[in-house]
1. Which loop trypsin sites (Lys or Arg not before Pro) in region 164-215, with loop taken from DSSP, have no more than 12 other Cβ atoms within 10 angstrom of their Cβ?
2. Once you've got the GNM for the chain with C-alpha springs shorter than 10 Å, pick whichever of 97, 22, 106 has the biggest mean-square fluctuation.
3. Suppose R0 equals 22 Å; then what is the FRET efficiency for residue 166 and residue 205 from their Cβ-Cβ distance, rounded to the nearest 0.05?
4. Which of the lysines could a cross-linker span from residue 114 if the Cα-Cα distance has to be under 24 Å and same-chain partners fewer than 8 positions apart are dropped?
5. List the relative contact order of region 4-72 as a percent without decimals, with contacts defined as Cα pairs under 8 Å and 6+ residues apart.
6. Excluding residues on the same chain fewer than 8 positions from residue 139, give the aspartates and glutamates whose Cα lies under 15 Å from its Cα.
7. Treating the Cα atoms of region 119-246 as identical point scatterers in vacuum, please give the log10 of the normalised Debye intensity I(q)/I(0) at q = 0.10, 0.11, 0.14, 0.19 Å⁻¹, two decimals.
8. Given a cut-off of under 8 Å on Cα pairs at least six residues apart, what relative contact order in percent is computed for region 141-230?
Amino acid sequence: MEEHYSIKEISDLFNIPKSTLRYWDAEKLIQIERNPENGYRIYTETQLIELTDIQFYRSLNVPIQQLKKITTFDASSLSGVLMETELSVTNEIERLRNVQLGIRTRLKKIELVKYLQKQLYQDSQPDFDFMIHLDIADKESVTTYLADPSSFLLKINSASNSEIEYGLASTNQKNQDVLWQKSKETKCFKECLLKVSIQEPAIHNLQEHLNALTSLGYTTGHTVARYLVSFAEEERFDYYHAWIEVR
């Protein structure tokens, strides 16, 4: 006589939630018998093999609707389903690689914040050539920012360190409204960590850096900065890799 198993036994054996087994039953992926005495689901040894197949194909992300028909597929049809699934998996792998790259990039930004907190006023050149106007109504500008938040820049004029201009990093100025561009003549810049209040952007620590550089005998000029990351220290700040022009 063929042995029978309860839904709990199957759940424990295959490590499949009972809710998933009930869903597969409701979707008719597998025909489950019922105990005539209490109406509970019972699984036969033959159905263990069917469950193994279902679990395998679900682990490959084969859609439920395809699984409903999979027992009727010939070799060619099954190959077609698996090839479609492989393409879907390949696309998902690429998506996850991009997610991983984003995580690693953000971690590097955090490490740069820590570095700039310790290493003040090192000689450094801005790592972009042009700062162009950011138009939030322009789809291309918004797409550029969303793809790489570190493309977001700010500029603070030397005459008034409360007036902030915002823009995007660019490698060329063609048909662009340029707010700042790297001079062909080499200028001296000192790098530092600029933090700007998210609630009140006019509140930032640039004046502290300007005072420190002045005390070191420098005359300061414009400041340009690239966005790094945001996090909270009592209140939430945006952190920027800043370059202060000095002479």
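No value in this document is a laboratory result; all are computed from the given coordinates. Keep in mind it's a predicted model, so treat the numbers as computed, not measured. Please note: Cβ atoms are built from the backbone with ideal geometry, for glycine as well, and neighbour counts cover all protein chains shown.
1. Qualifying residues, ordered by number: 174, 184.
2. Among 97, 22, 106, the largest GNM mean-square fluctuation belongs to 22.
3. Efficiency, rounded to the nearest 0.05: 0.80.
4. Answer for residue 114, where 24 Å is the Cα cut-off: 155, 190, 195, listed by chain and number.
5. Computed value for region 4-72: 32 percent relative contact order.
6. By straight Cα distance, residue 139 reaches 148.
7. Debye curve over Cα of region 119-246, log10 I(q)/I(0) at q = 0.10, 0.11, 0.14, 0.19 Å⁻¹: -0.31, -0.37, -0.61, -1.11.
8. Contact order relative to length: 39 percent.
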